[in-house]
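Got a structure for you, questions after.
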Amino acid sequence: MRGTKFQRGVGVVVVLIVVAAAAILIWGVSATEPPPLWAPAHATLAGVWTVLYNSQLPSTNVLLIAIAIALLVGAGIALAERFVTNRYRRSPATVQRRALTPRRVMAETRGVYHGPITVTVLIPAHNEEASLPAALASLAAQTRRPDRIIVVADNCTDRTVEVARRAGVEVFETVDNRHKKAGGLNQALRGLLPTLGPNDTVMVMDADTGLGERFLEVAEQRCAADRALMAVGGLFNGEEGHGLIGQFQRDEYTRYARQIRRRQGRPFVLTGTATVFRATALRAVAEARGSELPGIAGDVYDTIALTEDNELTIALKSLGALITSPSECTVTTELMPSWRMLWAQRLRWQRGALENLGAYGLTPVTFRYWAQQLGIGYSTIALTSYLALMIIMLLSMDTWVWFPFWLGVGALFVVERVVTVWEGGWRARLLALTVFPELAYSLFLNIVFLQGIIDISLGKSGAWKHLPSTEPASGGAA
């Protein structure tokens, strides 16, 4: 299933489609009748300040076409996603082929009581002696305590194992693991999953994460209320601190959490920071590896994937699994404290997303993810063009001219920026209100996107980079 040439071609395909879409838009604009030359109007404010402004509006046809295209694309993606979801829930043919479709799971478990729901927590840890105590403290503070906690110590050279045992939790030490987090979890799950039943769950939680106190309580309630629910993910917040770069990341996470709440808990990715899985779902993934899914038969996690959480999400959806991220299931995770570390993290995420698309190809499940990559690519062209045109205009005009229409559009953009981070507090609102710092941050992310496209197109190998913690992570969700 995993074609190297196709994986390398993913970047080229994304670039070609995005460039073609941009070319069509440019053609549409250039094909319209050019606007007449204009002379800016004058206005005097309070009899003292004279300003120049241009009241001319863009072509009505161009505006209507742009709005129509935006609505059609947005509605098309939403309808396609809903169609896929309904198809996997109701189509008899799909139910027969996919092991985790709700209809099939409900039929197989009808009238059978498999006992109370249990929660076993796996914490993959590589040299996490500094952050592990806070993660364990957040588990101890849960309103629904876990039944079992296992720290998966992977090639640790610090006191991680000693810290875990002193805290009274189990320790599983990996043996000859060369596949980082995914390989360590595979070793632990290989022995754990055969001992678990249909109502037993496994939470995979990063050692640098703090859980909101009701995470496990809500996850248990959701699993008890719906036998077909296969995974409950978290909505993550960023830890405090790290100055401006930290605020950028917190605002980004706040907007993502708001988006998932508006989608009624339907996540794009089951976050690797903390997610509860039914054991049956993880077993189904392991059994499908090497045939229906990429990877090695018997492995839950694909060890080649750079972003194992994104890949596992696609794997579960490909098997028809029902997943959710409730607003009550919050986590607080560490942020990247420097631009260099943020670049490495986001480049890994971007490379991983593209490689996962290359591994799975274009399917009903991956359609949404392809559309997301194309949207990022198009926004890269749009933002770069916007900033370039603004600079060109500033350099070419010897007098400042106001454009009321575009000021109105900009005001709407500012309102959207502020509203979407409102829950992040006054710092988030103030940063959003200034607009241009966030535009610069978006430009940084766009450059990362382009670097990911270039790397995968040239066949450069990606690397999983562990970024060790230097101080304890904050416990509990904000």
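The values are calculated or read from the model by the stated rules, or taken from the named source; none is laboratory data. Remember, it's a predicted structure, so these values are computed and weren't measured experimentally. Note that we place each Cβ from the backbone using ideal geometry, even for glycine, and neighbour counts take in every protein chain shown.
So LYS317 fits all but one of (1) surrounded by fewer than 19 Cβ atoms within 10 Å (Cβ to Cβ); (2) of a type in the set (D, E, K, R); (3) closer than 23 Å to GLU108 by Cα; what number is the exception?
(1)
For the stretch 354-365, give me each residue that is surrounded by 20 or more Cβ atoms within 10 Å (Cβ to Cβ) and either without any contact (Cβ under 8 Å) to a residue 60 or more places away in the chain or not aromatic (Phe, Trp, Tyr) (or both).
Of everything in the stretch 354-365, those that are surrounded by 20 or more Cβ atoms within 10 Å (Cβ to Cβ) and either without any contact (Cβ under 8 Å) to a residue 60 or more places away in the chain or not aromatic (Phe, Trp, Tyr) (or both) turn out to be LEU354, GLU355, ASN356, LEU357, GLY358, ALA359, VAL365.
Would you be able to say whether some residue in the stretch 190-198 is more than 22 Å from THR333 (Cα to Cα), among the hydroxyl-bearing types (Ser, Thr, Tyr) and surrounded by 19 or more Cβ atoms within 10 Å (Cβ to Cβ)?
Looking through the stretch 190-198, none of the residues is more than 22 Å from THR333 (Cα to Cα), among the hydroxyl-bearing types (Ser, Thr, Tyr) and surrounded by 19 or more Cβ atoms within 10 Å (Cβ to Cβ).
Looking for something surrounded by 20 or more Cβ atoms within 10 Å (Cβ to Cβ) and more than 16 Å from ARG278 (Cα to Cα) - is there at least one such residue anywhere in the stretch 212-232?
yes
Let me ask something else about it. All but one of (1) within 30 Å of ALA297 (Cβ to Cβ); (2) among the β-branched types (Val, Ile, Thr); (3) in contact with a Pro (Cβ under 9 Å, 6 or more places away or on another chain) hold for THR273; which doesn't?
Among (1) within 30 Å of ALA297 (Cβ to Cβ); (2) among the β-branched types (Val, Ile, Thr); (3) in contact with a Pro (Cβ under 9 Å, 6 or more places away or on another chain), the lone unmet condition for THR273 is (3).
Here is a follow-up. Being aromatic (Phe, Trp, Tyr) and within 30 Å of THR118 (Cα to Cα) is the filter here; which residues of the stretch 225-265 pass it?
PHE236, TYR253, TYR256
Looking at (1) of a type in the set (Phe, Trp, Tyr); (2) within 23 Å of TYR53 (Cβ to Cβ); (3) surrounded by 14 or more Cβ atoms within 10 Å (Cβ to Cβ), which is the only condition TYR369 fails?
Of everything listed in (1) of a type in the set (Phe, Trp, Tyr); (2) within 23 Å of TYR53 (Cβ to Cβ); (3) surrounded by 14 or more Cβ atoms within 10 Å (Cβ to Cβ), TYR369 misses just condition (2).
Would you say GLY410 is modelled with pLDDT of 80 or more and either surrounded by 14 or more Cβ atoms within 10 Å (Cβ to Cβ) or among the aliphatic types (A, V, I, L, M) (or both)?
no
Which is of a type in the set (A, V, I, L, M, F, W, C), in a helix (DSSP H, G or I), under 16 Å from LYS181 (Cβ atoms) and out of contact with any His (no Cβ under 9 Å at 6 or more places or on another chain), of TRP349, TRP343?
Checking each option against the conditions leaves just TRP349.
Working carefully through the options VAL151, VAL204, VAL175, VAL163, find the one that is surrounded by fewer than 24 Cβ atoms within 10 Å (Cβ to Cβ) and either acidic (Asp, Glu) or closer than 23 Å to ALA279 by Cβ (or both).
VAL175
Would you please name the residue that is nearest to TYR256 (Cα to Cα), looking only at residues in the stretch 391-404 that are modelled with pLDDT of 80 or more and out of contact with any strand residue (DSSP E or B) (no Cβ under 8 Å at 6 or more places or on another chain)?
Among them, the one singled out is ILE391.
To keep it simple, each residue is scored yes or no on (1) in a strand (DSSP E or B); (2) surrounded by fewer than 19 Cβ atoms within 10 Å (Cβ to Cβ); (3) at pLDDT below 95.
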| position | (1), (2), (3) |
| --- | --- |
| PHE248 | no, no, no |
| ARG261 | no, yes, yes |
| GLY265 | no, yes, yes |
| THR275 | yes, no, no |
| VAL285 | no, no, no |
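Then there's this: Would you be able to tell me the number of residues in the stretch 426-436 that are assigned to a helix (DSSP H, G or I) and in contact with a Phe, Trp or Tyr (Cβ under 8 Å, 6 or more places away or on another chain)?
3
Same structure again: Here are SER379, SER338, SER327: which of them is of a type outside the set (A, V, I, L, M, F, W, C), surrounded by fewer than 19 Cβ atoms within 10 Å (Cβ to Cβ), touching a Lys or Arg at 6+ places or on another chain (Cβ under 7 Å) and more than 23 Å from ALA286 (Cα to Cα)?
So the residue among SER379, SER338, SER327 that is of a type outside the set (A, V, I, L, M, F, W, C), surrounded by fewer than 19 Cβ atoms within 10 Å (Cβ to Cβ), touching a Lys or Arg at 6+ places or on another chain (Cβ under 7 Å) and more than 23 Å from ALA286 (Cα to Cα) is SER327.
Output the number of residues of the stretch 287-314 satisfying the condition of being surrounded by fewer than 22 Cβ atoms within 10 Å (Cβ to Cβ) and of a type in the set (Phe, Trp, Tyr).
Residues flagged as surrounded by fewer than 22 Cβ atoms within 10 Å (Cβ to Cβ) and of a type in the set (Phe, Trp, Tyr) within the stretch 287-314 amount to 0.
From the residues in the stretch 431-457 that are loosely packed, with under 13 Cβ neighbours inside 10 Å and free of Cβ contacts under 8 Å to residues at least 40 places away in the same chain, which one is farthest from PHE413 (Cα to Cα)?
ALA440
What is the residue count in the stretch 352-402 for residues that are farther than 29 Å from PHE436 by Cβ, of a type in the set (Asp, Glu) and not in a helix (DSSP H, G or I)?
0
Among the residues of the stretch 214-232, write down those that are modelled with pLDDT of 95 or more and either under 30 Å from SER338 (Cβ atoms) or of a type outside the set (A, V, I, L, M, F, W, C) (or both).
Passing the criteria: ARG214, PHE215, GLU217, GLU220, GLN221, ARG222.
Restricting to the stretch 178-204, count the residues that are over 24 Å from ALA228 (Cβ atoms) and either without any contact (Cβ under 8 Å) to a residue 24 or more places away in the chain or not aliphatic (A, V, I, L, M) (or both).
Final tally of qualifying residues: 10.
Give me the pairs: first residue in the stretch 162-177 and touching a residue at least 12 places away in the same chain (Cβ under 8 Å) and under 16 Å from LEU139 (Cα atoms), second residue assigned to a loop (DSSP other than H, G, I, E, B) and among the acidic types (Asp, Glu), beta-carbon distance under 7 Å, and six or more apart or on different chains, which are they?
The qualifying pairs are VAL163/GLU129.
While we're on this one: List the helices (runs of 4 or more DSSP H) that sit entirely inside the stretch 38-133 and contain at least 3 residues that are at pLDDT 80 or above, under 30 Å from GLU292 (Cβ atoms) and touching a helix residue (DSSP H, G or I) at 6+ places or on another chain (Cβ under 8 Å).
By residue number, 102-109.
What residue, of THR399, THR380, is touching a Leu at 6+ places or on another chain (Cβ under 9 Å), in contact (Cβ under 8 Å) with a residue 24 or more places away in the chain and farther than 18 Å from ALA20 by Cβ?
Unique residue meeting the criteria: THR399.
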